[in-house]
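Since every read-out is calculated from the coordinates, none of them should be taken as a lab result. From a predicted model like this one, the values you see are computed outputs, not experimental measurements. Note that each Cβ is placed from the backbone with ideal geometry, even for glycine, and that neighbours are counted across all protein chains shown.
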Amino acid sequence: MTIIDAQVHAYERDHPGRPWAGTLAGPPEVTGSDMMAAMDAVGVDGAVLVSPYSMYRYDASYALQVHAGHPDRFCLVKPVDPEDPGVAETVAGWAKTDGAVAVRIMMAYGVSTDPDHAGVSRVLRAAAGAGLPVNLLCWGILDQALALARAHPDTRLVIDHLGLKQPFEPPAPPEPFADLPALLALAACENVVVKITGACTLSRAPYPFDDIWDPLARIFDAFGIDRCLWGTDWTRAVNLITYEQGVEPFRRTDRLTESERADLMGGTLQRVYGWSPGAG
């Protein structure tokens, strides 16, 4: 079974040559080599390296540097700015970049909630034309994501982190799956897939987080495993779980068949993003 983490972050220490715009939960730096060592320790074959918006905003230069050193282990996702009049050209250029598999819109971070927002629509049209999926960080505004999915049926939309707001430090929210019905409504749109990333950080039970499986089963039933991608959201999750604890509950649970596990932990991702470890 090829195991691919659908979202990890890597970054270097804050310095004048590549200054941070903000901070992300985690150590002072997690280089590409550090991330690869964590993956190797628990048998993760590859990962989607998402350039961290919290630190670098729309500058993916460090992610590109990491990919250049490890093209067989990482593919790349870059946040784009829907307020930029030239964003369609940015998307088209990114699509031609070695290792690039998707773009990302940080909708929960101040993007207009208008489902007809011209900039968001421009990104979705450009991505469809370039053959790129669009990752949407849309917790709290899943109704807007539903409107976008219906308006842009030719664009593959990837809902980040189950579409649910996730903590950066303990404890988990009192009702972490309260917005689950809004996510399940998106299953009617065939162009939508959902990232089961950071799910363990929503648990209010100790490791191995058995309380997440009933709500996850509802997602699997609605979308089908072939529209679900497992991942850890490392290092955002670092204050809640270890990297191993983000992997092992999915690898060892008896709530998945072996074929379901293989799809959830890598097979679906290879189909959605058209990438697999070793492709570099």
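Descriptive notes on the structure:
- Our estimate of slack between W20 and D84, defined as 0.36 nm per intervening residue step minus the Cα-Cα distance, is 21.0 nm.
- About the centre of its Cα atoms, the chain shows a dipole size close to 340 debye [charges on the beta carbon of Lys, Arg (+1) and Asp, Glu (-1) only; nearest 20 debye].
- Rounded to the nearest 0.05, the FRET efficiency derived from the C-beta distance between D154 and R255 at R0 = 25 Å is 0.15.
- Pairwise FRET efficiency - A68 versus R204, Cβ, R0 = 51 Å, nearest 0.05: 0.80
- Full extension of the chain segment joining E175 with R271 gains 31.3 nm, where the gain is 0.36 nm per residue of separation less the Cα-Cα distance.
- Taking the fewest neighbouring Cβ atoms within 10 Å as the starting point, the ordered list for I241, I196, I105 is I241, I196, I105.
- Of the residues H70, H152, H15, the one that moves most in a GNM of the chain with alpha-carbon contacts below 10 Å is H15.
- Using C-alpha pairs under 8 Å with a sequence gap of at least 6, the mean separation divided by the residue count of the chain gives a relative contact order of 21 percent.
- Centre separation in Å (Cα based) which lies between the range 1-71 and the range 134-170: 22 Å
- The range 4-273: C-alpha gyration tensor shape, a/c 1.5 cut-off, then a/b vs b/c: rounded
- P(r) tail for the range 1-146: Cα pairs beyond 18 Å make up 58% of the total.
- Of the trypsin sites (Lys or Arg not before Pro) in the range 129-191, those whose Cβ has at most 16 other Cβ within 10 Å and which sit in DSSP loop: K165
- Considering helices alone, the calculated mean residue ellipticity of the chain at 222 nm is -9500 deg cm²/dmol, with DSSP H runs of length four and up weighted by -39500 (n - 2.57) and normalised per residue.
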